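Worksheet: one structure, shown below.
The values are calculated or read from the model by the stated rules, or taken from the named source; none is laboratory data. None of the values given here were measured: they were computed from a predicted structure. Counting neighbours? That spans all protein chains shown, and the Cβs are built from the backbone with ideal geometry, glycine included.
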Amino acid sequence: IRRGYGGRVTAETIPPIAVREHTVDAFVREFLRELNFGQGVDLTRASVNDKYLAMARTVRHYLMTRWLSTLRRQSELQAKSVAYLSAEFLLGRQLDNALLAADLEDIVTEGLASLGIELDELRQAEVEPGLGNGGLGRLAACFIDSLATMNVPCIGYGIRYEYGIFQQTFVDGEQVEKPDDWLRLGSPWEFPHPESAVTVDFGGSVEQYQDDDGVVKRRWVPGWSVLGVPYNYMVPGYESGRVNTLRLWSARATRAFDLEIFNSGDYAEAVRAQTFAENISKVLYPEDSTPQGKELRLQQQYFFVACSIKDFVDQVLPQGFDLHKLPERIVFQLNDTHPVIAVPELMRVLVDEKGWDWDDAWATTQQCFAYTCHTLLPEALEVWPVELLGRLLPRHLEIIYRINEEFLEELREAYPDDELRVRRMSIIAEYPVRAVRMAYLATVAGSKVNGVAALHSQLLRDKVLDDFAQHWPEKFTNVTNGVTPRRFLKLSNPGLSGLITEAIGDGWVTDLDRLKGLEPLADDAEFRRRFREIKHANKLRIADVLERRDGIVVDPETLFDVMVKRLHEYKRQTLKLLHIVSLYEQITTGRLALADVTPRTFAFGAKAAPGYVMAKQIIALINAVGRTLNEDTSLEGRLRIAFPANYNVTLAETLIPAADLSEQISLAGKEASGTGNMKFMLNGALTIGTDDGANVEIRQLVGDENFFLFGLDEPQVAEIVERGYQPSAYYETNADLRRALDLILSGAFSGGDRHTFEPVVANLLHEDRFLALADFQAYVDAQAKVDVAYADQEAWTRSAVLNVARGGFFSSDRSMRDYIDRIWHTPPVSPS
Ligand code: CR6
């Protein structure tokens, strides 16, 4: 039997696992015990935070039996696991998900009420762990939820950032970032295991030596090292009885490091060393899709994958395990290129530490990895300068060179007369600086490479990785993204999920295809009335939240037109804004009668990467237009903009269920998938969108008549760009567009100052990398169709119901099934 976290145990000495009693009385007893003995306070003196922490710990007790027996069973069966390697896990609040998994909500509500405490007040005390930027991090969180629910063994491996994604505030309409000190009030959901810390090396050099048989070998002589301390989180399945583990690593200084400096008598220097080490897991890099190539980021990447591989090999696998069988026990899924340094790390472990020969190690390594690509933007494909990589990880650089050498040899054999192709495919780029292309390394090493939506996977094969797809057609596959129906429908939209369950039973929560059963009800007037009533109640709910959270007033009787996602030019928030400004311009100049305007609330939520100047200017512009419209009484409140600061998972959970219209308007060929689009669909919003990412599949499933498609498609975009795109031509020929842009330039939204937003307009007029002007008219026309459709509330609701009914495909359970069938081959395992 193996060594578990927390000491040596054998099968015989494992005591039976304690079971918690599922009653109000038992809960109250446990809760008070946690409050008194855990928090050390009496109920009469307890703060909200005391009560929240005590309650959270009590709730987690109820999942403990399942967690411990899952782990026990796992080591008995030695079943194959997925190790999901991801630099980001954007978990969102944990309490509701834990209550759902433990089936405790009623008991806790009643138990707390008997003590005069409102569950809802404690709910609000939870600070969400924002350990991700956006879609990619949230996707990882949805995937591990699904695997636990489907009884598939999985460990999530990532980084316990001390500061997550920054807190966004607005000062005079401009984004100002504040550190996200999410651990400040304690973190009841994590289990630190400092005793199981592992050492991670960096720097130094590589030396040649002779082994016992006189064979000349190379090995790493590191320059410095840090400790990785694991923090475990429960990942409870819904009704599965299984609780998987998420293991996030935190960096600490090693003792050796400290002691050396202490001995030299320099206390201040020793403390500095401590800080230096801990910096590695200090903060999440806030760039979404545009990595900055910072040295600390490479340190983070290597830090967490080195910890994770060591953990799996030394702690999870039984002692003496034959690593040749590693592919039978694990598949490391690389979530984008961030963890790709794991490939040379496993090679180093096998060759340098275990003494395997190269070919043997490479054959095994290739079977252990698979790679998911999440982008089409060339600037998002990570490359690490050889100079930097060689300084930080000299042995890994050598290993990468050798992998590349053999790969190029293979290519030269396959394409003897095509040296150009060979150079194009090299893992090492020569220009502008010599650098390692991490996506190429992942593609060469992985057993499979997948994109995240059908169109995206197609474009990967045809454009981004075309040479590789020609060389290894069978390596490439698609798995369309999904979202967990537990968090994003059942928990976030209790009204709608209640109605669905009433209509078709509750099987949909784990089998989302059953939503199909709602289709006939789209034609049922009474069902539609109730569906509308729920949407309205959700609008009242978000109106209340926005007023209390942000002091924003919205009118629940209006059409809720929502665009929430990171601020990025390719996503085209400016296109949405031009539509709004154009409407406003037409109204104020009398060309559009107020009575003909569909009352709308335009809701935005978006963080900009702190160094992304244009994105920040666009945020300022949205706020400026918002202030002008919201203060202009002549609009009679018909058009309002609501832009709450700090959009996050928690806000998404109340905002999305209130939406009528989902804005998915990226330039075709740029959004790999999108996942917000799926959440909106499942909550009964209609989509206005381009033929991009998963929108393509959404439209196919829901039907053209229930989707507002507009704009250029990807081949058209490619053609226009090829011909030489001239945005100013659209300005000159489209009067509405010109007036809207001129209005911004006139200073109408900047107190008469013509300079404030000039850079945004100038960029659109002279560059417009993402063809917003080219798609303007098509977008405005599609919005006119939205107005017409919305005027017929019965028909609109019918479409909304059909969106829900046909959205089952977008469950992350389905994504997981696809990964299992096409890539992982990890069967489910019963938890007991
Ligand atoms: N930014 C894609 O842009 C996709 C998610 C998850 C993204 C987005 O379209 O839905 O991944 N890509 O697959 C990256 O982060 C590199 C994202 O979230």
Counted residues in segment 324-337 being away from the ligand (no atom under 16 Å from the Cβ) and farther than 14 Å from Gln78 by Cβ come to 3
Residues within segment 372-393 that are small (Gly, Ala, Ser) and either within 16 Å of the ligand (Cβ to nearest atom) or not assigned by TED's automatic domain parsing to the domain that holds Ala429 (or both), tallied: 1
Please determine whether any residue of segment 176-186 is within 25 Å of Tyr819 (Cα to Cα) and modelled with pLDDT of 95 or more. no
If we scan segment 141-150, do we find a residue that is in a loop (DSSP other than H, G, I, E, B) and either modelled with pLDDT of 95 or more or under 13 Å from the mean Cα position of the chain (by Cα) (or both)? yes
Pair list, Cβ < 7 Å and 6+ apart or interchain, from segment 660-674 residues that are closer than 17 Å to His374 by Cβ to residues that are part of a strand (DSSP E or B) and within 12 Å of the ligand (Cβ to nearest atom): Ala672/Gly451; Gly674/Gln664
Answer yes if at least one residue in segment 455-475 is among the β-branched types (Val, Ile, Thr), modelled with pLDDT of 95 or more and in contact with a Lys or Arg (Cβ under 8 Å, 6 or more places away or on another chain), and no otherwise. no
Is there a residue in segment 350-370 that is in a loop (DSSP other than H, G, I, E, B), within 16 Å of the ligand (Cβ to nearest atom) and under 22 Å from the mean Cα position of the chain (by Cα)? no
Could you grab me the full set of residues in segment 209-226 that are assigned to a strand (DSSP E or B) and either among the basic types (Lys, Arg) or under 22 Å from Thr199 (Cβ atoms) (or both)? Tyr209, Lys217, Arg218, Arg219, Trp220, Val221, Trp224, Ser225, Val226
For segment 541-548, indicate whether the set of residues that are more than 13 Å from Ala658 (Cα to Cα) and either at pLDDT 95 or above or out of contact with any Asp or Glu (no Cβ under 7 Å at 6 or more places or on another chain) (or both) is non-empty. yes
Looking at Ala197, Ala141, Ala148, which one is among the aliphatic types (A, V, I, L, M) and out of contact with any Leu (no Cβ under 6 Å at 6 or more places or on another chain)? Ala148
Residues that are of a type outside the set (D, E, K, R) and closer than 30 Å to Arg486 by Cβ, at least 2 per element: which helices (runs of 4 or more DSSP H) completely within segment 721-832 meet that? 793-805, 812-819
Within segment 1-39, work out how many residues are exposed (fewer than 12 other Cβ atoms within 10 Å of the Cβ) and at pLDDT below 60. 7
Taking the condition closer than 27 Å to Lys463 by Cβ and outside the structural domain of Trp182 (by TED's automatic domain parsing), does Ile656 pass? no
Quick check on segment 662-676. Is at least one of its residues part of a helix (DSSP H, G or I) and either of a type outside the set (Asp, Glu) or away from the ligand (no atom under 16 Å from the Cβ) (or both)? yes
From Thr65, Thr44, which residue is surrounded by 16 or more Cβ atoms within 10 Å (Cβ to Cβ), in a helix (DSSP H, G or I) and either within 16 Å of the ligand (Cβ to nearest atom) or of a type in the set (Val, Ile, Thr) (or both)? Thr65
Counting only residues that are more than 23 Å from Gly130 (Cα to Cα) and β-branched (Val, Ile, Thr), which one in segment 270-314 is surrounded by the most Cβ atoms within 10 Å (Cβ to Cβ)? Ile309
Selection within segment 155-212 - aliphatic (A, V, I, L, M), surrounded by 20 or more Cβ atoms within 10 Å (Cβ to Cβ) and in contact with an Asp or Glu (Cβ under 9 Å, 6 or more places away or on another chain): Ile155, Ile159, Ile165
Out of Glu105, Glu118, Glu128, I need the residue that is in contact with a Ser or Thr (Cβ under 6 Å, 6 or more places away or on another chain), modelled with pLDDT of 95 or more and of a type in the set (Asp, Glu). Which one? Glu128
Got at least one residue in segment 643-656 being farther than 22 Å from Asn133 by Cβ and either buried (at least 21 other Cβ atoms within 10 Å of the Cβ) or away from the ligand (no atom under 16 Å from the Cβ) (or both)? no
Positions within segment 536-578 being more than 24 Å from Leu773 (Cβ to Cβ), assigned to a helix (DSSP H, G or I) and not acidic (Asp, Glu), in sequence order: His536, Ala537, Asn538, Lys539, Leu540, Arg541, Ile542, Ala543, Val545, Leu546, Arg548, Arg549
I'd like the residue in segment 407-432 that is touching a residue at least 40 places away in the same chain (Cβ under 8 Å) and assigned to a helix (DSSP H, G or I) and, out of all such residues, is surrounded by the fewest Cβ atoms within 10 Å (Cβ to Cβ). Ala414
For segment 568-593, how many residues meet the condition of being surrounded by fewer than 23 Cβ atoms within 10 Å (Cβ to Cβ) and within 16 Å of the ligand (Cβ to nearest atom)? 2
Conditions (1) in a helix (DSSP H, G or I); (2) in contact with a strand residue (DSSP E or B) (Cβ under 9 Å, 6 or more places away or on another chain); number of the one not met by His374: (1)
Those residues of segment 778-832 which are hydrophobic (A, V, I, L, M, F, W, C), modelled with pLDDT of 95 or more and in contact with a Pro (Cβ under 8 Å, 6 or more places away or on another chain) amount to Ile820
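This table checks each residue for (1) over 38 Å from the mean Cα position of the chain (by Cα); (2) small (Gly, Ala, Ser); (3) modelled with pLDDT of 95 or more; (4) outside the structural domain of Gly164 (by TED's automatic domain parsing).
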residue: Val200; (1), (2), (3), (4): no, no, yes, no
residue: Val215; (1), (2), (3), (4): yes, no, no, no
residue: Gly228; (1), (2), (3), (4): no, yes, yes, no
residue: Asp258; (1), (2), (3), (4): no, no, no, no
Being over 28 Å from Leu686 (Cα atoms) and of a type in the set (A, V, I, L, M, F, W, C) is the requirement here; does Ala729 meet it? yes
Go through (1) touching a residue at least 24 places away in the same chain (Cβ under 8 Å); (2) farther than 30 Å from Ala54 by Cβ one by one and return the number of the condition Asp213 breaks. (1)
Every residue from segment 104-133 that is in a loop (DSSP other than H, G, I, E, B) and either surrounded by fewer than 22 Cβ atoms within 10 Å (Cβ to Cβ) or away from the ligand (no atom under 16 Å from the Cβ) (or both): Leu104, Leu115, Gly116, Ile117, Glu118, Gln124, Ala125, Glu126, Val127, Glu128, Pro129
